[in-house]
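Visitor: Take a look at the following structure, please.
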Amino acid sequence: MSDARLREEICQYGRSLFERGLTPGSSGNISLRLEDGGWLVTPTNASLGFLDPARISRLDAEGRLLSGDKPTKEIPLHTALYDTRSSARAIVHLHSTHAVALTMLPEIDPRAALPPMTPYYLMRAGETALVPYYRPGDPAVADAIRGLAGKYSSVLLANHGPVVAGDSLEAAVFATEELEETAKLYLLLRNLNPRFLSPEQVADLVKAFDLDLPSQHDHDHD
């Protein structure tokens with residue numbers, strides 16, 4: 001896909017996410033890893049609803065700005081996920097309401113922030129890790145993500161929002177949306193004793209769709 005088309009794709013998905021209220025104001029950012037190891041990334045203080053393709057930041061493989069506006073200050077968390085998850089080609093970071101709310105609940109398991117509620121949550125987002133709060137732009141968040149060793153494609157930053165990687169921008173966006181909807185479901189059903197997918201049903205999904213879930217690796221070493 002051409003550079004111009006990739007830039008337009010970032011703008012289209014950014015506008016869609018913004019217009020549906022999934023990341024307000026100038027929050028959130030999107031990056032795409034290119035064939036040469038460089039990136040296209042949304043600029044700092046830019047609303048995802050009003051991106052200009054020509055002003056999207058173009059970085060080289062070392063993270064140096066080649067053209068466009070100054071990139072988002074969240075570069076460290078994108079870098080950490082790309083460095084540890086080799087299949088990642090795009091990353092979406094939002095401040096979506098229900099996913100942020102989920103991070104503030106006391107019972108959330110950092111290794112599985114959401115239970116297996118729906119098949120599409122597991123098929124799109126996999127399982128989700130929760131990392132502690134760090135101020136936006138703090139390089140320590142990159143260390144926390146690196147500590148996950150690439151096991152997770154979807155990560156929640158406490159009191160902040162989701163960071164989701166995909167093998168394409170479409171996949172990363174769809175996974176982020178599925179994570180947000182599942183967080184909403186969890187909040188709607190909290191304390192109502194809902195039925196989640198059973199271990200057998202999860203195992204069936206893993207087999208049928210060749211899913212790579214961190215919990216399955218844990219079982220391998222039991």
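Visitor: Per residue, what accessible area does the chain have, given a 1.4 Å probe and all protein chains present, in Å²?
Guide: Accessible area per residue: 49 Å².
Visitor: Any chance you could give the angle, 0 to 90 degrees and rounded to 10, that helix 169-189 forms with the longest Cα principal axis of the chain?
Guide: 40
Visitor: Right, here's the next one. Figure the gain on full extension for A112 and A149 (residue separation times 0.36 nm, minus the Cα-Cα span) and round it to one decimal in nm.
Guide: Here the answer is 11.8 nm.
Visitor: Counting only GluC sites (Glu not before Pro) that are in a DSSP loop and have at most 10 other C-beta atoms within 10 Å, tell me the longest site-free stretch of the chain.
Guide: Within the chain, the longest run free of exposed GluC sites (Glu not before Pro) spans 108-222.
Visitor: Hull surface divided by four, with the convex hull built on the Cα atoms of the chain: how many nm²?
Guide: 12.1
Visitor: How many percent of the accessible area of the stretch 1-58 is carbon or sulfur, using a 1.4 Å probe?
Guide: Result for the stretch 1-58: 50 percent of the exposed heavy-atom area is carbon or sulfur.
Visitor: Next question. In the stretch 116-222, what is the volume of the convex hull around the alpha carbon atoms, normalised per residue and reported in Å³?
Guide: 125
Visitor: At a Förster radius of 30 Å, what calculated FRET efficiency corresponds to the Cβ-Cβ distance of S67 and N159, to the nearest 0.05?
Guide: Rounded to the nearest 0.05, the efficiency is 0.35.
Visitor: Further question: Subtract the Cα-Cα distance of L211 and L188 from 0.36 nm times their separation in residues, and report this length gain in nm to one decimal. Display every interim value, and only then the final one.
Guide: Values: separation 23, 0.36 × 23 = 8.28 nm, distance 2.67 nm.
Between L211 and L188, full extension yields an extra 5.6 nm.
Visitor: With +1 assigned to the C-beta of every Lys and Arg and -1 to the C-beta of every Asp and Glu, and no other charges, what is the dipole magnitude of the stretch 104-152 about the Cα centre in debye, to the nearest 20?
Guide: Dipole of the stretch 104-152, to the nearest 20 debye: 140 debye.
Visitor: From the phi of every residue in the stretch 208-214, what ³J(HN,Hα) in whole Hz does the Karplus formula 6.51 cos²θ - 1.76 cosθ + 1.60 yield, where θ is phi - 60° and glycine or proline is x?
Guide: Couplings: 5, 10, 6, 7, 10, 9, x Hz.
Visitor: What per residue convex hull volume, in Å³, comes out for the stretch 1-59 when only alpha-carbon positions are used?
Guide: Per residue, the Cα convex hull of the stretch 1-59 comes to 68 Å³.
Visitor: Under unit Cβ charges (Lys, Arg +1; Asp, Glu -1), what dipole magnitude, rounded to 20 debye, does the stretch 24-98 have relative to its Cα centre?
Guide: Numbers: 8 positive and 8 negative charges, 25 e Å.
Dipole about the Cα centre, nearest 20: 120 debye.
Visitor: Sorted by accessible area (1.4 Å probe), largest first, how do H78, H95 line up?
Guide: Ranked list, largest accessible area first: H95, H78.
Visitor: Once the dipole of the chain is set up with Lys and Arg at +1 and Asp and Glu at -1 on Cβ about the Cα centre, which of G161, S86, G38 lies farthest towards its positive end?
Guide: Farthest towards the positive end: G161.
Visitor: Are there trypsin sites (Lys or Arg not before Pro) in the stretch 49-147 that DSSP puts in a loop and that have at most 10 other Cβ atoms within 10 Å, and which ones?
Guide: Working: sites: R55, R58, R64, K73, R85, R89, R111, R124, R146; in loops: R64, K73, R85, R89, R111.
Here the sparse-neighbourhood loop sites are R64.
The values are calculated or read from the model by the stated rules, or taken from the named source; none is laboratory data. On a predicted model such as this, the values are computed, not experimentally measured, just so you know. Methodologically, a virtual Cβ is constructed for each residue, glycine included, from the backbone with ideal geometry; neighbour enumeration extends over all protein chains shown. Quick note on the areas: whole protein, heavy atoms, side chains included, nothing else; ligands and nucleic acids left out. Shrake-Rupley method; radii C 1.70, N 1.55, O 1.52, S 1.80 Å.
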